[in-house]
Amino acid sequence: MKPKLPAICSIYKASNYTFLISSVITIAYNFILLGYVVQNTDVLSASGLGILVSVVVIVFIFSYAVFSLLTLISLLAVKTFFVIVTAINAIAIYFMTIYQVVLDRTMIENILNTRYSESVELFSLNLISYILIFGLLPGLLLTKIKVTKLDRLRVLANALIAIIVSFSFLYTNSTSWLWIDKHASNLGGKILPWSYIVNSARHLSSINRSTVGQKILPDGLFINNNKMVFVLVIGETARADNFSLYGYSKLTNPKLQHQSNMLVFNNTKSCTTYTTGSLACMLAPSNQHLGYEALPTYLARQGVDVQWRTNNWGEPPIEVSSYVKAGELRSTCSGNGCNLDEVLLTNLTDTIKSSDKEKVFVVLHTKGSHGPSYYSRYTKEFNQFKPVCRDEEISKCSSEALINAYNNTILYTDHFLSKVINKLEKIKNTSIALMYISDHGESLGEHGLYLHGTPYSFAPEYQKNIPFLIWLSDKYVEEKKINISEMRQAPNHSQFNVFHTVLGAFGFESPVYESAMDVLHKPED
């Protein structure tokens, strides 16, 4: 028989043990939460101290209630759960400290939708040390405490008493609720472990990867039978602030700035700071239609040949003519960019030419500038801005090195888009439009923030300002009688412009189409 590890000490009653681990969770693992309260209140005043105590009481009573419930089931259940949450707490503390993340529902959705290939880029020796020192070690030590009596009635009674006393205190200290309500979004995303547990449950309960149950958009009709190709390139983590097309001081768009028939739309903001939410907006006519079928499904149902090629993830449930992942294209791809977004261009023109439909809609969902490994998002010839950050813990890099690595990804995006346009120009006698728009922006250390996914209400503009570009073929310009130099822009643009602009380009009349949201619409004189 294997020798059992000795107990480090003994506690007579399970009720005392439940109180102990609830206290540890409240104090030891919520120092970031408590630090936020201290920074935003005057804890030396009566009101500030009341707020701090109220927050401690809220976290403790929630923890105590859950641990008491688990203890009523069995000691093994509560100890197993405690070890698991301490390990996850350690991971959460690492990312909350290094990347300043807030574990609200949008961040949890961002995390749970991250591919394995992207998530491994975030692992480091420092993260492992956090898990061992702040997670597994204290978790295992506290589970080795021997409990000699499982007093379920006392556990239940203590839990009820604690709840009553806590609610009585919170009621008498009701003035603190105004402050707590004002800061609720920040506080809720910092409470460990309940922030990620509750928000994970909220996200998982809303998942539906099938189009079954989606509402159907009203049918429409095409006003012409002209051959038309529309290519939508969805960028990843590209922020307009680093595009020289938008006035950035470094030349990050050397090819696109000389491209004819190119439209650059100003003041465009993403509707969220994470991929899944932004793609839902991008493929819908409005906020009120987020529960309806997405644009690709809608067009496919109307007889359009819809081709979706992806080197990314996060699109809503769709039904299209062809859905191809990057890995399926690599076997016939050639060149240095086959492990990057250029793989999406494999046999692209042949696929478009071979379509037997008059209307073809192609979506290229790129990996773009996804961090933190910016240096791995481009081929070596685009390593133009130096020195470059090559550390996954990007907060350790100098601001110059980090921004240089990111700028090289924008330089590669410029090359990618130029290459797509060159391929499309070879398709003769066809009206073609290409649209490029990013899902969201990115923080590169400004205000101590990195990456994206910060709750929208207090996310910096860097995570919201996105590039929005359209290129038109000579045939399209001729057929639509467009004068590029005279096109007028709206003061602001959003991702909802995508849906209406695509329908307008196809000449598709529909009750959900709004010409005011179509950036290519030419008002009648």
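The values are calculated or read from the model by the stated rules, or taken from the named source; none is laboratory data. The model shown is predicted, which means the values in this text are computed figures rather than measured ones. All Cβ positions, glycine included, derive from the backbone under ideal geometry; neighbour counts span all protein chains shown. Please note that ligands, DNA and RNA were not included when accessible areas were found on the heavy atoms of the full protein model with its side chains. Shrake-Rupley method; radii C 1.70, N 1.55, O 1.52, S 1.80 Å.
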Item to check | Cα shape, region 370-524, gyration tensor, a/c 1.5 rule | outcome: oblate
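Taking all protein chains as present, what is the carbon and sulfur share of the accessible area of the chain, in % to the nearest whole number, probe 1.4 Å?
Carbon and sulfur atoms account for 59 percent of the accessible area of the chain.
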Checklist entry - Roughly speaking, what is the centre-to-centre gap between region 504-524 and region 401-438 when only Cα atoms are used, to the nearest Å? => result 25 Å
Checklist entry - Based solely on its DSSP helices, what 222 nm [θ] is calculated for the chain when runs of n ≥ 4 H residues each add -39,500 (n - 2.57) and the sum is averaged over all residues, nearest 500 deg cm²/dmol? => result -12500 deg cm²/dmol
Checklist entry - How about region 483-525: which GluC sites (Glu not before Pro) there are in a DSSP loop, with at most 13 other Cβ atoms within 10 Å of their Cβ? => result Glu524
Checklist entry - What is the log10 of I(q)/I(0) for the chain, computed with the Debye formula using one identical point scatterer on each Cα and no solvent, at q = 0.11, 0.12 Å⁻¹? => result -0.99, -1.10
Checklist entry - Distances over 17 Å make up what percent of all Cα-Cα pairs in region 279-350? => result 51 percent
Checklist entry - Which FRET efficiency value, to the nearest 0.05, do you get for Lys426 and His521 by plugging their Cβ-Cβ distance into 1/(1 + (r/R0)^6) with R0 = 30 Å? => result 0.60
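Taking a probe of 1.4 Å, how large is the accessible area per residue of region 442-502, in Å²?
43 Å²
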Checklist entry - Size of region 14-87 along its principal axes in angstrom, Cα-based, largest extent first? => result 43, 22, 14
Checklist outcome for this item: So for region 190-299, using the alpha carbon gyration tensor with a ≥ b ≥ c as root eigenvalues (a/c under 1.5 gives rounded; past that, a/b versus b/c decides prolate or oblate), I'd call it oblate
Item to check | Per residue accessible area of region 187-345, 1.4 Å probe, in Å² | outcome: 40 Å²
Checklist outcome for this item: Along region 347-361, Karplus-curve 3J(HN,Hα) (6.51, -1.76, 1.60; θ = phi - 60°) to the nearest Hz, with x for Gly and Pro, reads 6, 5, 5, 5, 5, 5, 5, 7, 5, 8, 9, 6, 10, 10, 10
Checklist entry - When the Cα centres of region 62-93 and region 132-162 are compared, how far apart do they sit, in Å? => result 8 Å
Checklist entry - Based on DSSP H assignment, which helices of the chain show an axial Cα extent of at least 24 Å together with a mean Kyte-Doolittle hydropathy greater than or equal to 0.0? => result 46-73, 75-98, 152-172
Checklist outcome for this item: Taking Cα pairs closer than 8 Å and at least 6 residues apart, the relative contact order of the chain in percent is 20 percent
Next on the checklist: I want to make sure I understand the PRE zone here: with the label point 7 angstrom from the Cα of Leu76 toward its beta carbon, which residues in region 149-166 have backbone N atoms less than 19 Å away?
Outcome noted: 149-152
Item to check | Cross-link table Lys79/Lys325; Lys215/Lys481; Lys380/Lys480; Lys215/Lys475; Lys325/Lys426; Lys380/Lys481, entries beyond 31 Å C-alpha to C-alpha | outcome: Lys79/Lys325; Lys215/Lys481; Lys380/Lys480; Lys215/Lys475; Lys380/Lys481
Next on the checklist: With the cut-off at 1.5 for a/c, could you classify region 432-489 from its C-alpha gyration tensor as rounded, prolate or oblate?
Outcome noted: prolate
Checklist outcome for this item: Among Met107, Phe123, Phe508, the residue whose Cα sits farthest towards the positive end of the charge dipole of the chain (+1 at Cβ of Lys and Arg, -1 at Cβ of Asp and Glu, taken about the Cα centre) is Phe123
